[in-house]
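Okay, structure first, notes after.
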Amino acid sequence: MADRVGLSANTVSRALSGKDQVSESTREMIVAEARRLGYVPNNHARSLVSGTTTVLALVITNPSNPFYAALISAVERQCRLAGYSVLLLVTEENEDNEARAVQQLLRFGVDGVLAVPSQHRPGVWAELSEAGLPVVLLSRDIPELGFDFVGTDVERAVTDAVTRVAGPDPRRAWLFEEDLEISTVAARTAAFRQALGGDSLVLKVPGHRTRDATLPWRPDDAYRLAAGLITREHHPELVVTGNDYFALGVYKAVRECGLTVGEDVRVLGYGDHPFAAYLEPGLTTIRLPADDVGTTGVDLLVRRIADPDRPRETVLLSATLVERGSATAQ
């Protein structure tokens, strides 16, 4: 390549890497010749010289969750704009898989890590910090580790939404929530209780995800529980669900009792999955800022790579209440 343009290898390298000390006309000539020759930079060789890889890792727990599917897309897009490639690792909510993922990241030598931790064994992530690898946690925080964090303000979102649809005199409100020990479940439960006080009932949904949290949500888990509790004579005025799939099961149980969703029983979901608008009535639900969590996380990580010593940042993004026929503001 250097011989073809009659310049030194050092000048060609600086031009192709976008560095200064090369005139614009020379850079354009070198780039044009590189394109003509089909030149592809050797990133591995470049990383050996620069000490960087231009690769960021994204570690998630469960790709079947629609939130994480949207998160992956947002992270990949923002990384591309920032000049990074993405290495994706999936832990399946398993602490052993998580420990293996951390060891892989240490071996791969990525420039930084975005991670949704399982929260079962928090200390495993400290190994990355001890190795000097920048980490930003997404969706679930581990405050004691001191990593930057980007997530949804779950408690505020649920408190505000429940307060709006329950009205000033709420009675008989039930929460159908997953039986999982993760911070987002705890935050939704705390917010529900805070908004509705003593006249509320938290129901943990037994189901297949209790045994394997990597599996997708199933409406029938919530349906079986709701069908055994809801009758025409005894039913809640408001049902809040920890995900929109549980709301599908509640809809079916309510209708089988001869009751009407949105009139006899108001239903509030969580997630705003694509089917929510097409139910009858449409499901009122909380839309999560998956795209913003992903893009903000990448931006925060890039800044952390550039300035490792700056103070820890915590960013809580707002969710949106999408009102439809199943529960409107009272």
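The values are calculated or read from the model by the stated rules, or taken from the named source; none is laboratory data. Predicted model, so just to flag it, every value in this text is computed and none were measured. Please note: Cβ atoms are built from the backbone with ideal geometry, for glycine as well, and neighbour counts cover all protein chains shown. For accessibility, only protein heavy atoms count, side chains too; no ligands or nucleic acids. Shrake-Rupley method; radii C 1.70, N 1.55, O 1.52, S 1.80 Å.
List the strands (runs of 3 or more DSSP E) inside segment 246-330, counting only whole elements, that have at least 1 residues being open to solvent by less than 30 Å² (accessible area, probe 1.4 Å) and farther than 22 Å from Leu225 by Cα. Explain how you work it out, then say what you get.
Details: elements: 266-271, 284-287, 314-317, 320-322.
Where strands (runs of 3 or more DSSP E) fall fully within segment 246-330 and carry at least 1 residues being open to solvent by less than 30 Å² (accessible area, probe 1.4 Å) and farther than 22 Å from Leu225 by Cα, they are 284-287, 320-322.
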Segment 109-151, residues that are at negative phi, open to solvent by 20 Å² or more (accessible area, probe 1.4 Å) and assigned to a loop (DSSP other than H, G, I, E, B): Asp111, His120, Arg121, Ala131, Leu133, Pro134, Asp141
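Can you tell me which residue within segment 152-172, out of those that are in a helix (DSSP H, G or I) and among the hydroxyl-bearing types (Ser, Thr, Tyr), is surrounded by the most Cβ atoms within 10 Å (Cβ to Cβ)? Can you show your working first?
As a first pass, look at segment 152-172 and keep what is in a helix (DSSP H, G or I): 154-166.
Within this subset, residues satisfying the condition of being among the hydroxyl-bearing types (Ser, Thr, Tyr) are 159, 163.
Details: Thr159: 20, Thr163: 17.
Checking each candidate, the answer is Thr159.
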Pair list, Cβ < 9 Å and 6+ apart or interchain, from segment 285-306 residues that are free of Cβ contacts under 8 Å to residues at least 12 places away in the same chain to residues that are surrounded by fewer than 24 Cβ atoms within 10 Å (Cβ to Cβ) and not β-branched (Val, Ile, Thr): Arg303/Asp148; Arg303/Arg310; Arg303/Glu313
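Could you please find all residues in segment 80-108 being closer than 13 Å to Val55 by Cβ and either open to solvent by 40 Å² or more (accessible area, probe 1.4 Å) or touching a Ser or Thr at 6+ places or on another chain (Cβ under 6 Å) (or both)? Spell out the reasoning first.
Of the residues in segment 80-108, the ones closer than 13 Å to Val55 by Cβ are 80, 82-89, 104-105, 107-108.
Of everything in segment 80-108, those that are closer than 13 Å to Val55 by Cβ and either open to solvent by 40 Å² or more (accessible area, probe 1.4 Å) or touching a Ser or Thr at 6+ places or on another chain (Cβ under 6 Å) (or both) turn out to be Arg80, Ala82, Gly83, Tyr84, Ser85, Val86, Leu87, Leu88, Gln104, Arg107, Phe108.
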Tally, over segment 215-228, of residues that are touching a residue at least 40 places away in the same chain (Cβ under 8 Å) and either surrounded by fewer than 20 Cβ atoms within 10 Å (Cβ to Cβ) or of a type in the set (S, T, N, Q) (or both): 2
Near pairs, Cβ below 7 angstrom, 6+ apart or cross-chain, from segment 235-259 (at positive phi) to any residue that is open to solvent by 10 Å² or more (accessible area, probe 1.4 Å): Gly258/Arg232
Qualifying positions in segment 37-79 - open to solvent by 70 Å² or more (accessible area, probe 1.4 Å), in a helix (DSSP H, G or I) and at pLDDT below 95: Leu37, Asn43, His44, Arg46, Leu48, Val49
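Each row is one residue, and each column tells you yes or no for (1) at pLDDT below 95; (2) within 23 Å of Arg224 (Cα to Cα); (3) touching a Gly at 6+ places or on another chain (Cβ under 7 Å).
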position	(1), (2), (3)
Asp160	no, no, no
Asp169	yes, no, no
Arg172	yes, yes, no
Leu175	no, yes, no
Glu178	yes, yes, yes
Glu181	yes, yes, no
Ala187	no, no, no
Ala195	yes, no, no
Ser200	yes, yes, no
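Name the single residue, out of those in segment 267-315 being small (Gly, Ala, Ser) and under 20 Å from the mean Cα position of the chain (by Cα), that is farthest from Leu133 (Cα to Cα).
Taking segment 267-315 as the starting set, the residues that turn out to be small (Gly, Ala, Ser) are 269, 271, 276-277, 282, 290, 294, 297, 306.
Checking the rest, the ones that are also under 20 Å from the mean Cα position of the chain (by Cα) come to 269, 271, 276, 290, 294, 297.
On the way: Gly269: 38, Gly271: 32, Ala276: 40, Ala290: 24, Gly294: 19, Gly297: 15 Å.
Among residues in segment 267-315 that are small (Gly, Ala, Ser) and under 20 Å from the mean Cα position of the chain (by Cα), the one farthest from Leu133 (Cα to Cα) is Ala276.
Residues checked against (1) modelled with pLDDT of 95 or more; (2) hydroxyl-bearing (Ser, Thr, Tyr):
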residue: Arg287; (1), (2): yes, no
residue: Asp291; (1), (2): yes, no
residue: Thr296; (1), (2): yes, yes
residue: Arg303; (1), (2): yes, no
residue: Asp309; (1), (2): no, no
residue: Val315; (1), (2): yes, no
residue: Thr320; (1), (2): yes, yes
residue: Gln330; (1), (2): no, no
